[in-house]
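These notes are about the structure you will find just below.
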Amino acid sequence: MNHIEKQLQAAPQSRLYVTVIAAIIAALFAWSLTAVNFSDIQQGGLAIAKNILYGLTHPNTDLLFNLSKQSVLYLLVETIAIAFLGTIVGAILAVPLAFLAASNIVPGPVAWVTRLLLIIIRTIPALVYGLLFIRVTGLGAFAGVLTVGLTSIGMLAKLYVDAIEELDTRVLESMTSVGCTTFEKIRFGIVPQLLSSFMSVVIYRFDMNMREASILGLVGAGGIGAPLIFAMRSYKWDEVGSILIGLVVLILIIEFVSNKLRAKLVRG
């Protein structure tokens with residue numbers, strides 16, 4: 001009975017808490033509505049919106065299916081290449097950083113400094129990295145690969161660290177007791193535990209990098225983003241429709257395949 005009485009006494013306080021939170025959310029929503037302004041929408045804007053919708057629903061099929069270097073298929077292949085190579089670069093470089101950031105592998109100060117470095121890497125947006133690399137390497141896919149690789153390091157290393165810190169150290173202790181060398185402990189004790197987790201994380205990051213690579217084209221780092229923004233600026237909405245259709249179909253295919261691969265890795 002005492003427990004029930006305590007719950008009944010706490011109920012009014014809970015209702016007060018919910019009421020205050022709901023009032024705050026309602027006030028924030030009402031304040032946000034002040035940013036909505038329909039007075040700037042003119043007849044010309046409605047005509048442009050109609051043209052956009054028409055272009056998106058009537059894509060340029062020649063651009064979508066031909067095999068020239070300006071076609072959607074070619075640009076999608078280039079985008080895949082940027083995302084794939086960038087993911088591989090990031091996945092490899094993230095491994096030593098992950099071990100340096102794992103508190104169960106290295107001393108605390110070393111892990112702390114490495115984690116701070118990874119936080120800094122993750123904080124800077126991909127577009128900023130893209131603009132920096134374009135200044136160094138010039139316009140093109142190489143800048144996109146470097147950008148995707150660098151932005152991948154922060155996330156991959158963080159997830160690698162989580163897997164490393166969950167290592168079953170009893171396996172290593174058993175191998176030490178039977179006289180295994182350091183290489184044998186790494187090869188047969190650490191790698192089998194980490195490989196499936198690492199591969200699952202890399203596949204997930206590749207899925208994300210496909211979207212990153214598409215956006216990077218907006219700043220000239222290769223891929224399909226640049227033709228997309230040029231088509232939009234030129235009001236060629238049928239070309240925009242073709243590019244978006246190709247991009248959506250590709251993302252859906254990669255999403256499906258990556259989910260299947262990750263599920264298989266998780267099940268072992």
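So here's what we get for this one:
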| read-out | value |
| --- | --- |
| So I229, is it of a type in the set (V, I, T), touching a Leu at 6+ places or on another chain (Cβ under 7 Å) and buried (at least 19 other Cβ atoms within 10 Å of the Cβ) | no |
| So G246, is it part of a helix (DSSP H, G or I) and either among the charged types (D, E, K, R) or under 28 Å from S200 (Cα atoms) (or both) | yes |
| Count of residues meeting criterion [exposed (fewer than 13 other Cβ atoms within 10 Å of the Cβ) and at negative phi] in the range 129-150 | 2 |
| Hits in the range 59-90 - residues which are open to solvent by 60 Å² or more (accessible area, probe 1.4 Å) and touching a helix residue (DSSP H, G or I) at 6+ places or on another chain (Cβ under 6 Å) | L85 |
| Listing of helices (runs of 4 or more DSSP H) fully contained in the range 120-198 that carry 2 or more residues being closer than 19 Å to T87 by Cα | 126-137, 141-164 |
| Output for the range 239-268, where each listed residue is surrounded by fewer than 21 Cβ atoms within 10 Å (Cβ to Cβ) and of a type in the set (D, E, K, R) | E255, K260, R262, K264, R267 |
| Members of the range 91-114 found to be open to solvent by 70 Å² or more (accessible area, probe 1.4 Å) and modelled with pLDDT under 85, listed by number | S103, N104, I105, P107 |
| Cβ-Cβ under 8 Å pairs, at least 6 apart or on other chains, the range 112-134 side more than 14 Å from I215 (Cα to Cα), far side basic (K, R) | L118/K158; R122/K158 |
| Number of the condition not met by G223 [criteria: (1) of a type outside the set (V, I, T); (2) in a helix (DSSP H, G or I); (3) open to solvent by less than 20 Å² (accessible area, probe 1.4 Å)] | (2) |
| Subset tally (residues that are assigned to a helix (DSSP H, G or I) and within 30 Å of E165 (Cα to Cα)) for the range 51-103 | 19 |
| Among (1) within 15 Å of the chain's Cα centre (by Cα); (2) open to solvent by less than 30 Å² (accessible area, probe 1.4 Å) - the single one R122 does not satisfy | (2) |
| Residues satisfying the stated conditions in the range 241-268, i.e. in contact with a Phe, Trp or Tyr (Cβ under 8 Å, 6 or more places away or on another chain) and modelled with pLDDT of 80 or more | I254, S258 |
| Failed item, numbered, when I48 is tested on (1) at pLDDT below 75; (2) surrounded by 10 or more Cβ atoms within 10 Å (Cβ to Cβ); (3) not in a helix (DSSP H, G or I) | (3) |
| Odd one out for E212, checked against (1) open to solvent by less than 70 Å² (accessible area, probe 1.4 Å); (2) over 17 Å from A141 (Cβ atoms) | (2) |
| Tabulated pairs, the range 151-175, first within 24 Å of Y204 (Cα to Cα), second of a type in the set (D, E, K, R) and open to solvent by less than 40 Å² (accessible area, probe 1.4 Å), C-beta under 7 angstrom, 6+ apart or interchain | S152/R205; M155/R205; L156/R205 |
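The values are calculated or read from the model by the stated rules, or taken from the named source; none is laboratory data. Only a predicted model underlies this, so the values are computations on that prediction, with no experimental measurement involved. Methodologically, a virtual Cβ is constructed for each residue, glycine included, from the backbone with ideal geometry; neighbour enumeration extends over all protein chains shown. To get the accessible areas, we keep the full protein, side chains included, count just its heavy atoms, and leave off ligands, DNA and RNA. Shrake-Rupley method; radii C 1.70, N 1.55, O 1.52, S 1.80 Å.
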